[in-house]
Amino acid sequence: MAPTFIITVDTEGDHVWARRQQVTTRNAAWLPAFQELVQRYSFRPTWLLNWEMALDPACVEFLRDMLARDAGEVGLHLHAWDTPPLESLTDDDTQHHPFLGEYPEPLMRNRLDRLAGVLEDTFQRPLRSHRAGRWALDGRTVRWLREHGFKADCSVCPGIDWRSTMGNPRGTGGPDYRRAPYEPYFLDEQDITRPASQSAPDALLEVPMTIRPPRWPWARTIFESYSKRHSWLRPNGRNGAALRECVSDAVAAGRKHLLFMLHSSELMPGGSPTFPTTDSIARLNDDLAALFAYAQSRGCRGRTLGEFAAEWRTLVKQTV
């Protein structure tokens, strides 16, 4: 059976990489076109929202309509540095972008409570899916997600070591995912790179990012912690062929899922450093259409992250 093709969008403000004090949300105007493109190939996106997009009227209107048509899912994506209650960890959180797990646990939980509450009130349905800001998942966040009924996370990046990527400059950097599984697994709160017992009824399913390591064994050894040597199922304007190769390799290897991601701001010219111009957005759209058409032609079926998690649980019960 071909893999399930899961499309995730980190739905956040414009050009967050610039670390501006005031974040705009103009990219909300580009979301419907991407939704239409995805639907053309019978896929179902999971829109993972942060604070500013949860409050943006255009984004909210679009997603309410999308949910009313049952054409996708809304999930949680928290940026710790600008989600209330605002209490600084560093001399300038906007510049440093601390990881959520670096904050004291009461403040961490308060921020998760606040954003989740806004999203559930706005869209009138429970949240089931999550991705950590800056990919920085930790056991405390996993515990909160499990306690609040979440079913799936998609933060883990197999083969990638984020420890050289700093949040708090006095911290120890991001998580080390080099030993994490490439296939879905239930998260162990004590070690999120290790599968937990599958018998726990409320265990959180990790659906890892699709990342292909370097093909040659010597390259894997040398570059295992260097993310640019890995092929992500994530467009960058120059990797259209590599995206399709990820699909081909996953189908050939009998993988259970393919997890695609991009940022909502990458859909807008100038919304990211990756796609600064109208021409670069046009090339992105060509790459996306080719990728989605190829995935469809190889038999990949579309599911949201929450739908995939529900199906995975059913499969596990049947095989126990």
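Nothing in this text is a laboratory measurement; each read-out follows from the coordinates by a stated rule. All values derive from a computational prediction rather than experimental measurement. Because the Cβ atoms are built from the backbone with ideal geometry, glycine has one as well, and the counts that use them run over all protein chains shown.
Taking a ≥ b ≥ c as the square roots of the eigenvalues of the alpha carbon gyration tensor, the chain is rounded, as a/c is under 1.5. Between S42 and L55, the distance separating the two model label sites (each 7 Å from Cα on the Cα→Cβ line) works out to 4.2 nm.
Applying both filters, DSSP loop and at most 16 other Cβ atoms within 10 Å, to the trypsin sites (Lys or Arg not before Pro) of region 1-90 gives R19, R20, R69. If the chain linking W30 and A253 were pulled fully straight, counting 0.36 nm for each residue of separation and taking away their Cα-Cα distance, it would gain 76.8 nm. Across region 95-104, rounded Karplus estimates of 3J(HN,Hα) from the backbone phi angles (6.51 cos²θ - 1.76 cosθ + 1.60, θ = phi - 60°) give 7, 8, 6, x, 6, 4, x, 7, 7, x Hz, Gly and Pro being marked x.
Subtracting the Cα-Cα distance of R238 and T278 from their residue separation scaled by 0.36 nm leaves 12.9 nm.
Amide hydrogen proximity for R44: with H placed 1.01 Å from N in the peptide plane, the residues at 5 or more positions away or on another chain lying under 5 Å are I7, R303.
The H on the amide N of T25, modeled in the peptide plane, is under 5 Å from the matching H of D14, each at least 5 residues off or on a different chain. Summed over qualifying helices (DSSP H, 4 residues or more, each -39500 (n - 2.57)) and divided by its residue number, the chain shows a 222 nm mean residue ellipticity of -11000 deg cm²/dmol.
The HN-Hα couplings worked out from phi for region 162-177 by the Karplus form 6.51 cos²θ - 1.76 cosθ + 1.60 (θ = phi - 60°) are 9, 5, 7, 8, 9, x, 4, x, 9, x, 10, x, x, x, 9, 9 Hz, whole numbers, x standing for Gly and Pro.
Under the combined filter of DSSP loop state and at most 14 neighbouring Cβ atoms within 10 Å, region 48-156 retains these GluC sites (Glu not before Pro): E87. Around the amide H of I160, modelled in the peptide plane, lie the amide H atoms of Y177, R178, all under 5 Å away and 5 or more residues distant in sequence or on another chain.
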